[in-house]
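Single-structure report; data block below.
The values are calculated or read from the model by the stated rules, or taken from the named source; none is laboratory data. Predicted, not measured: the structure shown is a model, and the values here were computed from it. Note that we place each Cβ from the backbone using ideal geometry, even for glycine, and neighbour counts take in every protein chain shown.
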Amino acid sequence: MLRLRPYRRSDAEAVIRWIKSEREFRYWCADRFESYPITAYDLNEQYDDLEASGGEIYHFTAYDESGIVGHINIRFPEPDNFDTVRLGYVIIDDSRRGQGLGKEMIKLALEYSFGIMKAKKVTIGVFAENKAALRCYLSAGFRDTGVSEKFRFNDEEWNCMELEINK
């Protein structure tokens, strides 16, 4: 059974270890970090900076009986709008992918968003090229809003889709 707990700084080592290529890295964080690879220090420093800037963001770690298996953030994307939250930095241990853990973690994040945070809508961005993540989010109940933006990765142009789910 999967559970969520608050992220701990020591979780960063595992989270960055699950990213095996720059493509996976950009699927995970887009352009939120300047270069690849990053260190655990880099991840924690970014989280410290977000907290210091007053951003309403909550970091979670998913775990089961085997240990930590995933990571996700939940944030308010607009100041003073508490009706909408956004999920981000969604990642599952690469050795455990394909077992339904991503969908289970998303469901837990939705329960938290709607139940604890009292959101009316939850959004998430996903690259259309990241087929596994897109399938995961759609199977969890998200729907394509039709809004998208382009993202450059090396010589490729990716389509970042906006998905949402309403309470």
Only residues that are among the small types (Gly, Ala, Ser) and either surrounded by fewer than 19 Cβ atoms within 10 Å (Cβ to Cβ) or free of Cβ contacts under 8 Å to residues at least 40 places away in the same chain (or both): list them for the stretch 48-83, please.
Ala52, Ser53, Gly54, Gly55, Ser66, Gly67
Which condition does Pro37 not pass, out of (1) surrounded by fewer than 18 Cβ atoms within 10 Å (Cβ to Cβ); (2) more than 27 Å from Glu157 (Cα to Cα), if it passes all the others?
(2)
Taking Glu78 as meeting all but one of (1) among the acidic types (Asp, Glu); (2) closer than 25 Å to Lys120 by Cα; (3) modelled with pLDDT of 95 or more, write down the number of the exception.
(3)
If you check Phe151 against the conditions, is it of a type in the set (A, V, I, L, M, F, W, C), in contact (Cβ under 8 Å) with a residue 24 or more places away in the chain and surrounded by fewer than 16 Cβ atoms within 10 Å (Cβ to Cβ)?
no
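What number of residues in the stretch 102-148 are of a type in the set (S, T, N, Q) and touching an Asp or Glu at 6+ places or on another chain (Cβ under 7 Å)?
3
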Given (1) buried (at least 19 other Cβ atoms within 10 Å of the Cβ); (2) among the polar types (S, T, N, Q); (3) at pLDDT below 95, index of the condition Ser113 fails
(3)
Taking the condition touching a residue at least 60 places away in the same chain (Cβ under 8 Å) and either crowded, with 16+ Cβ neighbours inside 10 Å or of a type outside the set (D, E, K, R) (or both), does Ala133 pass?
yes
What's the number of the only condition in (1) surrounded by fewer than 18 Cβ atoms within 10 Å (Cβ to Cβ); (2) within 22 Å of Phe142 (Cα to Cα) that Leu87 fails to meet?
(1)
What's the number of the only condition in (1) closer than 26 Å to Lys150 by Cα; (2) surrounded by fewer than 19 Cβ atoms within 10 Å (Cβ to Cβ); (3) not charged (D, E, K, R) that Ile19 fails to meet?
(2)
